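Heads up, the thing below is written out as structure tokens.
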Amino acid sequence: MQATQRSSGCPGSSPGGNGNQEIRTPGPSDRDVHDRVISYLSDANLRAGSTEFLNETEVKRAERFSRFLARRYYRDRLRRSFRFSASLVSQSHAASRLPDHPDFDEFLDHVVLGSLAAAREVGQLAVERLTPLRSEAWWPELLEYEFAFFLQLATSEPTPPSEGVQVCISAVLRSFTFRIPEMLERLRSMKPPERQGNTTLLFSRTPHGRIYVVELDPITEALFIEISRGEDPRKRLSRDELTLQELRHTISTLKEIGAISLGES
């Protein structure tokens, strides 16, 4: 909607006129409208609020489409993340079928598409449904691996800006009692996994959507844990545990794989 106002003696009024000219205040741009619609469709909290820019019919259509969009979004990411477990259960119990379950409707009532909170909720629902289906010792480990991967794939929420070094929003460090690379390789070969030693993996996602799953060396792992606790990584210099060059290289590597952000300081 465009607002109008009148101004007496406005420069540029037509000669011989009455000296008044109608001034039109520009309305929202196409980009503004586009962004508003996208936000409305992806955030159930917004849809529960004001809908002055949609009529009643459009509101109902938007609600149906937003639910379709959310189901498709999470179905795709569950399929890509929980693919190993999907090969070990009936297809009716695969994680990718979760969005079709009636219980998923309750989640759709408050979902913020792409948020970390939503990814955690969906991932936990998938793990809860899959856990009772098998009893092997490696089964919960596989599901934990797939859940951590899902957090990266289903989270598009940016890390809030801050000063200094911080862990990025979806990055997680997980410890397993199985050697995960060997476990996955044996599952690909249709062989039962063997407990061959512990694994600690870092899962992260770059702002451009590239996902990393890496096994860290002890120094990098300790540094990441300290950053996640809000500690200053430079304290390792005072303890002579790292040289300045080594610290810079480690910080740069963690930033490159989307595990940490450096802020403004």
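A short reminder: the numbers here are calculations on the coordinates, not readings from a lab. Every value quoted in this text rests on a predicted model; they were computed, and no experiment measured them. Backbone-built Cβ (ideal geometry, glycine too); neighbour counts: all protein chains shown.
Applying 0.36 nm per residue to the separation of residue 245 and residue 121 and subtracting their alpha-carbon distance, the gain on full extension is 40.6 nm. Taking other C-beta atoms within 10 angstrom as a stand-in for reagent exposure, 250, 155, 131 fall in the order 131, 250, 155, fewest first. In plain terms, the chain from residue 157 to residue 200 could stretch by 13.0 nm, reckoned as 0.36 nm per residue minus the Cα-Cα distance. Cβ crowding within 10 Å ranks 116, 223 as 116, 223, fewest other Cβ atoms first.
Projected label points at residue 221 and residue 89, each 7 Å from Cα along the beta carbon direction, are separated by 2.9 nanometres. May I ask for log10 I(q)/I(0) of segment 163-265 at q = 0.19 Å⁻¹, from a Debye sum over the Cα atoms as equal point scatterers with solvent left out? Results for segment 163-265 at q = 0.19 Å⁻¹ read -0.95. A simple count of charges around residue 185, restricted to other residues whose Cβ falls under 10 Å of its Cβ and scoring Lys, Arg +1 and Asp, Glu -1, yields +3. Counting other Cβ atoms within 10 Å as a rough exposure proxy, the listed residues 146, 194 run 194, 146 from fewest neighbours to most. The mean of 1/r over all distinct Cα pairs in segment 99-219, once inverted, gives the Kirkwood hydrodynamic radius of 16.0 Å.
Approximating the spin labels as points 7 Å out from Cα along Cα→Cβ, the residue 105-to-residue 137 distance works out to 4.4 nm. The slack in the chain from residue 128 to residue 80, taken as 0.36 nm per residue of separation less the alpha-carbon distance, amounts to 15.5 nm.
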